[in-house]
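The values are calculated or read from the model by the stated rules, or taken from the named source; none is laboratory data. Bear in mind that the values here come from a model prediction, so they are computed numbers and not experimental data. Cβ atoms come from the backbone with ideal geometry, glycine included; neighbour counts cover every protein chain shown.
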Amino acid sequence: MRGVKRAVFVGRALRSNSNTAVYGVGATLHRDRMAPHGCLTPSNPNPSVSVTGFRYLSASAAATSLAQDAQTKAFKPKELVLFQYQACPFCNKVAAFLDYYDIPFKVVEVNPINKKEIKWSDYKKVPILTVDGEQIVDSSDIIDKLIKRIHPDYDLNAEEEKKWRQWVDNHLVHVLSPNIYRNVPEALESFDYITTQGNFSFSERLVAKYGGAAAMYFVSKKLKKKHNITDERAALYGAAEQWVDALKGRKFLGGLDPNLADLAVFGVLRPIRHLKSGRDMLEHTRIGKWFSQMDRVVGQSSRVSEQS
């Protein structure tokens, strides 16, 4: 799988420079290029509103692909650490990118109540990524900076891809929290999942599960009203169908392989697949086929260990 993902990058890198390339694009924050965003947590309930199927290549293209593959392999930081919140869609967006590009990373699970794991940082939201000690924040900016280190010529302004990446941050994330925390049982289900993933003590797990679930239940109701959502599930199903329509029959928005927009959508949806909201979405919309294909091509996690 790792070798395959390396090979697939060849086609993606070539397409980023092609004029004929087919490009496309619960925490809830507005995506604003001037305002970094991260995951909403109970202790920060009001943040500022802030690739192609591998194909036969000509001799010249093959030579180019070898150079680009060398660029990929040249990006070998000694240590990447992702400070995350397990259910945070923005954190999962970064993780999906790292998984797809086969970049090993360590994880520090942040307690959503006291956030003691990021006391060292002036930035009080997640995700935070450190690359050999350098701090990078804001999920979309993290991905932009990493893709440029992997492939300096990657076109981040490809119209369709950029449009749908922005749609993820400006629309899709807004329907997630009202669905994840739609009622008390679903809020508890979410926090039960969250607290079993991190290195929490028994008392911290209890506080995070019940205190966090209660807080986010009420926050989600405010978000529902703020974003004029009358029916949570209808909003989620509508967003899923909108994404499928955007594919226009293509396997991925990027064509035969995902682009950054595909990875963004998959990343923010991945944390809900084991929750009732995610199960309902897969059952009642057409997104399941695309989601399964993304799950296969993203492959196994590149996460190497957990830190306490």
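Data table
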quantity: Odd one out for Ala96 among (1) in contact with a strand residue (DSSP E or B) (Cβ under 8 Å, 6 or more places away or on another chain); (2) within 21 Å of Ser277 (Cβ to Cβ); (3) part of a helix (DSSP H, G or I); (4) not charged (D, E, K, R); calculated: (1)
quantity: Candidates Asp138, Asp169, Asp153, Asp122 - the one that is of a type outside the set (Val, Ile, Thr), more than 23 Å from Arg303 (Cβ to Cβ) and in contact with a His (Cβ under 8 Å, 6 or more places away or on another chain); calculated: Asp169
quantity: Positions within segment 279-293 being of a type outside the set (D, E, K, R) and either in contact with a Phe, Trp or Tyr (Cβ under 9 Å, 6 or more places away or on another chain) or surrounded by 22 or more Cβ atoms within 10 Å (Cβ to Cβ) (or both), in sequence order; calculated: Met281, Leu282, His284, Thr285, Ile287, Trp290, Phe291, Gln293
quantity: Residue match in segment 269-280 (condition: under 16 Å from the mean Cα position of the chain (by Cα) and not in a helix (DSSP H, G or I)); calculated: yes
quantity: Subset tally (residues that are surrounded by fewer than 21 Cβ atoms within 10 Å (Cβ to Cβ) and aliphatic (A, V, I, L, M)) for segment 249-274; calculated: 1
quantity: Sole exception among (1) modelled with pLDDT of 95 or more; (2) of a type outside the set (Phe, Trp, Tyr); (3) in contact with a Lys or Arg (Cβ under 8 Å, 6 or more places away or on another chain); (4) more than 30 Å from Lys248 (Cβ to Cβ) for Lys115, by number; calculated: (1)
quantity: Close pairs from segment 209-235: first farther than 16 Å from His171 by Cβ, partner at pLDDT 70 or above and among the aromatic types (Phe, Trp, Tyr), Cβ under 8 Å, at least 6 apart; calculated: Ala213/Tyr181; Met216/Tyr181; Tyr217/Tyr181; Val219/Tyr181; Ser220/Tyr181
quantity: Residues of segment 129-160 satisfying the condition of being at pLDDT 95 or above, part of a loop (DSSP other than H, G, I, E, B) and in contact with a Phe, Trp or Tyr (Cβ under 9 Å, 6 or more places away or on another chain); calculated: Asp138, Asp155, Ala158
quantity: Considering residues of segment 72-85 that are in a loop (DSSP other than H, G, I, E, B) and surrounded by fewer than 21 Cβ atoms within 10 Å (Cβ to Cβ) only, the residue modelled with the highest pLDDT; calculated: Glu79
quantity: Some residue of segment 158-167 being within 19 Å of the chain's Cα centre (by Cα), surrounded by fewer than 16 Cβ atoms within 10 Å (Cβ to Cβ) and not polar (S, T, N, Q); calculated: yes
